[in-house]
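Let me begin by presenting the structure, written as structure tokens, before commenting on it.
The values are calculated or read from the model by the stated rules, or taken from the named source; none is laboratory data. Every value quoted in this text rests on a predicted model; they were computed, and no experiment measured them. Counting neighbours? That spans all protein chains shown, and the Cβs are built from the backbone with ideal geometry, glycine included.
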Amino acid sequence: MKASLFIAIVFITSLVAVCGCDALPFGQQQPPPMPPPTLVPPPPMPGVVPPPVMPVAPPPAVAPLPVPVAAVAVPPYQWTDKPVIDTVPQAPLGGMANGRPFATQAIIIEPIGDKWKMKIHDKPLEAPTSLIMGGQALTIDLPFHPGVGAKFTREMAYGDGYFQISNDPANLEATTSWNAENAWAIEITKWEVADYDPDGDLYQVAGTASGRIAVCYKGNPTGIQNSWMAGNFEDVTVRYMGKPYFMEKGKSSSGKSSGKPGKKITAPTLPDPKKLPDPKKEPEPKKDPVKEPAPKKDPPKKDKGETDIDKAKKTLTPMFKSLKDSYNKSKKKDTE
């Protein structure tokens, strides 16, 4: 009996271990496990300064996008080494400068030095007698006194002007004075210009002029590209920046500019300079005479009938004869 009870207890204990049943009395459950205690950091000790908080740099500002450059209207024209008036487009004066469009902002005609000059700028003229600083500019030396109907066609050659042009892609504001072969054709269709007033201000607004032009500058493969300008110009400023070369030398007593034009006059129509006869060349100044050496005098001619030997014989023969006679006489005395 005891053995049977012992066997039954062992069997029940093994069955509970295998089936995972609680060993508690029937109807009772084991309470859930206790959660681990929550650790709370101790309060800061009095007098301890908290570490400084480093400032965080704000994100870099994004640079604004550049404002797009306004498109420049380029006249319908092609570079040529023989520009003529008939091919000038009916468009405002513009062109290409070293591969970039040239936007004309100011045109000035004025006498400078000993010539009339035409200047085309890509910067505006603030006042009729102000100076334009910086920017690109084309300067042309006109070969005649401007007037209505004046025309001129210049063949490709060096000189008679220069192009202040941009040649640095990294800095378009930097320019260089470009002197190269150039050719152009010009026609003046309007010339309402007053004479210089010697009693007025030093700088004077003379009037306005209109016309058309085509100018081409010859570049090279390793330097500045071919550049050109062509089109019409209307009512551009004509001014005097001092007493012009074709008047008497001297200056006006005033150096201020009134900005007011004088009485306008219209110059007479001028003939085409190409059709004029060749101007007479002024005679070259006479050179200082060079003193030539005096010609050598020929020695006096000798008498062809009597030579020097003959003259010597005539002189010496009597002397020898006298000596011979004296010798003979002395010898005769010795013998006696």
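In segment 73-129, what residues are assigned to a loop (DSSP other than H, G, I, E, B), of a type in the set (Lys, Arg) and closer than 24 Å to Asn167 by Cα? Before the answer, list the steps.
Narrowing segment 73-129 to residues assigned to a loop (DSSP other than H, G, I, E, B): 73-84, 88-91, 93, 98-99, 104-105, 113-114, 122-129.
After this cut, where a residue has to be of a type in the set (Lys, Arg) as well, the list is 82, 123.
The answer is Lys123, and nothing else.
Just for segment 161-186: of the residues that are hydrophobic (A, V, I, L, M, F, W, C) and in a loop (DSSP other than H, G, I, E, B), which one is modelled with the highest pLDDT?
Step one: filter segment 161-186 for residues hydrophobic (A, V, I, L, M, F, W, C), giving 163, 165, 170, 172, 174, 178, 180, 183-186.
So of that shortlist, the ones also in a loop (DSSP other than H, G, I, E, B) come out as 170, 172, 174, 180.
Numbers: Ala170: 85, Leu172: 82, Ala174: 90, Ala180: 95.
The residue in question is Ala180.
Across segment 196-221, what is the number of residues that are modelled with pLDDT of 95 or more and over 21 Å from Ser130 (Cβ atoms)?
Residues flagged as modelled with pLDDT of 95 or more and over 21 Å from Ser130 (Cβ atoms) within segment 196-221 amount to 10.
I need every pair where a residue in segment 104-121 that is closer than 19 Å to Pro244 by Cα and of a type in the set (Phe, Trp, Tyr) has its Cβ under 6 Å from the Cβ of a residue that is modelled with pLDDT under 95 and not in a strand (DSSP E or B), sequence separation at least 6 or different chains.
If the second residue must be modelled with pLDDT under 95 and not in a strand (DSSP E or B), the pairs left are Trp116/Pro146.
Out of the residues in segment 140-160 that are within 23 Å of Glu192 (Cβ to Cβ) and either within 19 Å of the chain's Cα centre (by Cα) or at pLDDT 95 or above (or both), which is surrounded by the most Cβ atoms within 10 Å (Cβ to Cβ)?
Checking each candidate, the answer is Ile140.
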